[in-house]
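The structure appears below as structure tokens.
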Amino acid sequence: MTNILETTSFGATSTTDDVLTGVNLKGKRILVTGVSAGIGVETARSLAAHGAQVVGAARDFNKAKTATAQVRKDAAANGGSFELVELDLANLKSVRACADRLLAKGEAFDVIIANAGVMATPFGHTADGFETQFGTNHLGHLCPGQPDCDAHSDRRTADQRILCGSPLRYCGPRRSKL
Ligand SMILES: NC(=O)c1ccc[n+]([C@@H]2O[C@H](COP(=O)([O-])OP(=O)(O)OC[C@H]3O[C@@H](n4cnc5c(N)ncnc54)[C@H](OP(=O)(O)O)[C@@H]3O)[C@@H](O)[C@H]2O)c1
């Protein structure tokens, strides 16, 4: 397998805009989970700033709305778009409701970035009784009913991708091929 770090000039100091320079994402529809804080916000901003139609998912809608003010500005200035949907990965009812809302629109995603997650949390349970980290990072993103690339087979292409930023490493060697 080709190591991307050996074939690109990107490194620890590269920015999202460095990586996307010259890339036109117009017409690409991308779902990013966890857009209320951290990496998810910048991921959504940089994609929308390069023309993508970004849907950002967050469990705290108001926090996400505040956190993504710049995302909306950059999207508007660069031909992209940004909308928010509610999604609590620690509650499978919420996951299914979010999936239903997105599927009802009938618009497939070209890319899903499973970014939201928790790490090294105190012991606890999700609404469905699973250990918090396992339930949130794994089951929340992989729950049957999540809007996946196969949902609209008419738009299925070899370019569709699911990227996992949350700590899904426990899925084993197939973690990058959900
Ligand atoms: N930063 C690192 O060095 C690093 C290293 C390895 C892996 N990661 C993983 O990369 C991802 C992003 O990291 P980060 O540093 O940006 O983390 P972060 O600042 O803690 O942000 C995590 C995001 O996930 C959301 N989230 C947590 N639980 C959720 C739930 N039940 N339902 C929906 N959203 C939920 C958070 O929402 P709230 O704002 O509502 O909490 C927040 O938007 C995380 O999955 C993290 O575990 C990060």
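None of the figures in this text is laboratory data; all of them are computed from the coordinates on show. Not measured: the values here are computed from a predicted model. In this analysis, Cβ positions are derived from the backbone assuming ideal geometry, glycine residues included, and neighbour counts consider all displayed protein chains.
Under 25 Å between alpha carbons, and skipping anything fewer than 8 positions from K105 in its own chain: which lysines qualify?
K26, K28, K63, K65, K73, K93
Select from the range 1-101 those chymotrypsin sites (Phe, Trp or Tyr not before Pro) which occupy a DSSP coil region and have at most 14 other Cβ atoms within 10 Å, ordered by residue number.
F10
If packing is taken as the average number of other Cβ atoms within 10 Å across a peptide's residues, how do 116-122, 92-98 rank, most packed first?
Packing order, densest peptide first, comes out as 92-98, 116-122.
Name the shape class, rounded, prolate or oblate, that the alpha-carbon gyration tensor gives for the range 50-101, where a ≥ b ≥ c are the square roots of its eigenvalues, rounded holds for a/c under 1.5, and otherwise prolate holds if a/b is larger than b/c and oblate otherwise.
Oblate shape, in that a/c is at least 1.5 and b/c is the bigger or equal ratio.
Quick one: dipole size for the range 55-149, taken about the Cα centre, charges +1 on Lys/Arg Cβ and -1 on Asp/Glu Cβ, in debye to the nearest 20.
Around 280 debye, computed over the range 55-149.
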